[in-house]
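Notes follow once the structure below has been shown.
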Amino acid sequence: MSAATQALPLLPVAGEPAVPAGPAFRFTLDGDPGLEAHLADICDRVRIGIEQLVPRDRLEGVLLGGGYGRGEGGVLLTTAGDRPYNDLEFYVLLRGPTILNEWRYRSGLAKLAHALSGPAGVEVEFKVISVASLQRSAITMFYYDLVCGHRRVCGRPGLLTGCAHHRRGGDIPLAEATRLLLNRGSGLLFSRQRLNRHPFTADDADFVERNLAKARLALGDAVLTACGQYHWSCRERVRRLARLQPGGEPPWLEAVRTEHARGMIFKLRPHRSERSVVELEKDFAELSQLSRRVWLWLESRRLGTDFRSPVDYALHRAPKCPGAPAWRNWLVNGRRLGLKELLSRRAFRYPRERLLRALPVLLWQPALLVDAGVRHCLQRELRTPAADAAGLAVAYTRLWEFFR
């Protein structure tokens with residue numbers, strides 16, 4: 001176990017209970033009193049704003065999720081004191097159909113988020129869900145994190161009664177680890193675009209540093225999920241990864257442990273990057289290759305096929321998302337990609353498959369786009385005539401915004 005891991009504060013709880021939301025609850029591990037008071041004030045403003053927007057008989061409650069909801073929010077040290085760093089993710093639980101509620105309150109919630117983001121100093125985000133949908137939904141990493149770690153901004157105690165199945169971290173399916181790596185791998189792809197910019201600005205450096213840290217954390221989190229050991233606390237995940245001894249231990253596991261611990265430290269104590277493009281490029285290259293190895297290991301395990309390279313994975317004909325209901329895939333494809341898509345052969349495939357096939361080539365083997373077969377595969381998946389890596393990446397980004 002590394003010195004960094006040994007120095008982590010001990011968790012005050014055992015097992016996987018929800019984070020308490022009482023007076024002793026903190027948003028961060030070690031933020032100063034001013035930061036804690038600031039975040040509490042934003043929660044109060046959110047409560048007031050939501051209660052003014054939503055009728056009392058429809059509002060079930062509001063939860064703060066993410067790192068701050070779990071008491072592990074990032075603390076940015078500045079000359080003016082501690083400041084928040086991560087987005088504030090609020091979940092508005094409303095009675096009735098979620099799709100209808102999203103349509104009804106989208107505009108009001110967007111205005112409220114915009115009005116509060118300035119005073120908060122970070123982006124304020126709202127997501128509409130319902131207790132009933134949580135109760136009947138299958139377990140995901142997203143719902144597990146929310147149910148096990150949140151701050152109740154308003155709503156009755158016991159609001160999430162009936163959601164106990166979301167507390168079983170060992171039951172999170174492998175597909176959730178794949179989705180996590182897809183999103184963090186996309187962050188690496190976007191970071192490479194930033195690294196190629198001229199001039200390379202301080203904002204570019206901060207974007208790359210932040211996405212490298214997210215990718216570091218995701219590699220270990222994916223391995224833990226695959227081994228049934230994922231936990232809502234990033235500190236506990238570092239400990240579990242240090243103790244993990246999977247059968248046939250992969251040769252890259254120690255590197256993943258090291259990177260995962262680095263990612264956790266950045267998550268808790270982030271900073272604005274002051275590194276040069278050369279330094280960031282070096283880290284990017286090393287982390288990108290490590291993520292390639294973890295991706296192939298995970299997907300070989302999930303899909304029962306020995307994938308030897310990213311392009312081998314991309315061109316493999318078998319479905320990347322087996323088990324997804326065909327009728328639901330058809331509806332999502334039509335809603336997001338247009339009625340014309342409903343007549344294509346891919347209309348019944350899970351739409352995220354397009355990203356799963358494209359990302360490995362764009363991120364790890366873009367040189368193979370000179371091969372007509374590889375290039376045509378990506379053009380077909382991304383629905384674009386673009387023939388070079390830059391154009392294909394633009395099309396990828398457009399689809400990623402829909403299906404991440």
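The values are calculated or read from the model by the stated rules, or taken from the named source; none is laboratory data. Small disclaimer: the values here were computed from a predicted structure and weren't measured. Virtual Cβ from ideal backbone geometry, glycine too; neighbours counted across all protein chains shown. Side chains included, ligands, DNA and RNA excluded: accessible areas come from the protein's heavy atoms. Shrake-Rupley method; radii C 1.70, N 1.55, O 1.52, S 1.80 Å.
Observations
- The listed residues 400, 295, 103 rank as 103, 400, 295 when sorted by accessible area, largest first, using a 1.4 Å probe.
- The phi-based Karplus calculation (6.51 cos²θ - 1.76 cosθ + 1.60; θ = phi - 60°) puts the 3J(HN,Hα) values of the range 216-222 at 4, 5, 5, 4, x, 5, 5 Hz, whole numbers, x for Gly and Pro.
- Within the full protein context, the accessible area of residue 282 is estimated at about 120 Å² for a probe radius of 1.4 Å.
- Along the range 263-271 the Karplus relation, 6.51 cos²θ - 1.76 cosθ + 1.60 evaluated at θ = phi - 60°, assigns HN-Hα couplings of x, 5, 4, 5, 4, 7, 10, x, 8 Hz to successive residues, with x for each Gly and Pro.
- Rolling a 1.4 Å probe over the protein heavy atoms gives the chain an accessible area of 47 Å² per residue.
- Between residue 56 and residue 168, the C-beta separation translates, for a Förster distance of 30 Å, into a calculated FRET efficiency of about 0.35.
- Heavy atoms of residue 268 accessible to a 1.4 Å probe, total area in Å² rounded to 10: 10
- Electrostatic tally near residue 130: other residues with Cβ closer than 12 Å to its Cβ, Lys and Arg +1, Asp and Glu -1, net +2.
- Note on residue 127: accessible area approximately 80 square angstrom, rounded to 10, probe 1.4 Å, nucleic acids and ligands left out.
- For residue 153, the amide hydrogen comes within under 5 Å of the amide hydrogens of 62, 63, 64, counting only partners 5 or more places away or on other chains and with H modelled in the peptide plane.
- Residue 125/residue 394 FRET efficiency (R0 30 Å; Cβ-Cβ; nearest 0.05): 0.75
- Given R0 = 25 Å, the distance between the Cβ atoms of residue 249 and residue 367 translates into a calculated FRET efficiency of 0.20.
- Descending Cα extents along the principal axes, the chain, whole Å: 60, 52, 47
- Net charge over other residues, Cβ less than 12 angstrom from the Cβ of residue 66 (K, R count +1; D, E count -1): -2
- Within the range 262-304, the GluC sites (Glu not before Pro) that combine a DSSP coil assignment with at most 10 other C-beta atoms in a 10 angstrom radius are 274.
- Heavy-atom surface analysis with a 1.4 Å probe gives the chain a carbon and sulfur content of 54 percent of its accessible area.
- Per-residue ellipticity at 222 nm from helix content only, as computed over the chain with -39500 (n - 2.57) for each DSSP H run of at least four residues, stands at -17500 deg cm²/dmol.
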